[in-house]
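Quick notes on the structure that follows.
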Amino acid sequence: MYNLENARRLINQEYLRYFKTIKNNERTHIWFREKIEHSNDVLKVGVDLVKKEYPDIIQEEFEELQYVFLLHDMARFREAYIKYYLEEECVEHHGEMAYNILKDEIGCDNLPILTAIKHHGSLPHMVYEDEVYISIKDGDAKNRTIKYLKLVRDADKIANMEIFARNTKLIHKINSTYVGNRMGITDKVYDSFCSRELVNYNDVRTYVDYMILFLAWIFDFNYKSSFAYILDSGSFEKLLDETILYADDEEKIDGLQKISREYIYSKLKHNIA
Ligand SMILES: [Fe+2]
């Protein structure tokens, strides 16, 4: 039931439904296609991580994970419809929206799947405060929830790092939104990085801050294979180079380089999952 075939059917259904509704809006259509590509990338990276980290995984779990990977952003199309077509404020996070679609419209009652999708983009501690997660009494289901969540969070971030590193045009699209000081590194952003923490989006003030937000994703990685992935592909170095190219503060640049290198190599030495 929760397998790749059904996940593909579902995501295509959501995509087509809103693609047809939002007519004559090229920007949204491009965004829709990017989301489909991203979902497939997360599936690819996710499967790769599972094979490396859990080589003996049982088939049922493997299929459920494929379902989570492909559907984690399934609500992005509905979110765009609300924001750009209805021009209404979208109050729900797309993870929460996907959770509600799957639960109420599809009838999914698999709590590890639902919870992993709901929290794929929230702050790491939030799952532990979630009533649904707390309500899971079965130890095995609780472990599976955290396993699915860790894998989808890592795969999502890796896939995004890969795409930004491969296509700097995408980064420059973001760059154009920072018309003021693009090169500075805001203290709060730098301090988060030095504390080995995720950067809060609300603290981002400049283009370089935005780049640092991406770099800081490594502090949320859960698996040794995730560090190996971004190192082998060269995506982390590329993003770091891009940051250095634009940043104007030598001292902070040195700090970013030193901290990230030390962090990645220390994690590669240890098994952390
Ligand atoms: Fe997402």
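Readers should treat all values here as calculations from the given coordinates under stated rules, not as data from a laboratory. Nothing here was measured: the structure is a model prediction, and the numbers come from that model. Methodologically, a virtual Cβ is constructed for each residue, glycine included, from the backbone with ideal geometry; neighbour enumeration extends over all protein chains shown.
Calculated FRET efficiency, residue 254 and residue 126, Cβ-Cβ r, R0 35 Å, to nearest 0.05?
It comes out at approximately 0.60.
Can you compute the radius of gyration and Dmax for the stretch 225-273, using only the Cα atoms, both in Å?
12.0, 36
In debye to the nearest 20, how big a dipole does the stretch 167-269 give about its Cα centre with +1 on each Lys and Arg Cβ and -1 on each Asp and Glu Cβ?
Magnitude of the dipole: close to 380 debye.
Give the whole-number value, in cubic angstrom per residue, of the convex hull volume spanned by the C-alpha atoms of the stretch 167-269.
So the per-residue hull volume is 90 Å³.
Mind giving me the FRET efficiency for residue 269 and residue 201? R0 is 25 Å, r the Cβ-Cβ distance, nearest 0.05 is fine.
0.20
Convex hull volume of the Cα atoms in the chain, per residue, in Å³?
135
Using 0.36 nm per residue of separation minus the Cα-Cα distance, give me the extension gain between residue 58 and residue 138 in nm, one decimal.
That works out to 27.0 nm of additional length.
From the residues 81, 69, 22, which one has its Cα farthest along the dipole of the stretch 4-157 in the positive direction, the dipole being from +1 and -1 charges on Cβ of Lys/Arg and Asp/Glu about the Cα centre?
22
Among 206, 21, 168, which one shows the highest mean-square fluctuation when the chain is modelled as a Gaussian network with alpha-carbon springs under 10 Å?
21
Suppose every Lys and Arg Cβ carries +1 and every Asp and Glu Cβ carries -1, with no other charges. What dipole size does the chain come out with about its Cα centre, to the nearest 20 debye?
Taking the Cα centre of the chain as origin, the dipole is about 580 debye.
May I ask you to give the average projected area over all directions of the convex hull of the Cα atoms of the stretch 4-157, in nm² rounded to one decimal?
9.1
Subtract the Cα-Cα distance of residue 21 and residue 83 from 0.36 nm times their separation in residues, and report this length gain in nm to one decimal.
21.0 nm
Could you compute the net charge surrounding residue 29? Neighbours are other residues with a C-beta less than 12 Å from the C-beta of residue 29; K and R count +1, D and E count -1.
Result for the neighbourhood of residue 29: +3.
When the helices in the chain are scored as -39500 (n - 2.57) per DSSP H run of 4 or longer and the sum is shared across all residues, what 222 nm value do you end up with, to the nearest 500 deg cm²/dmol?
Per the formula, -20500 deg cm²/dmol.
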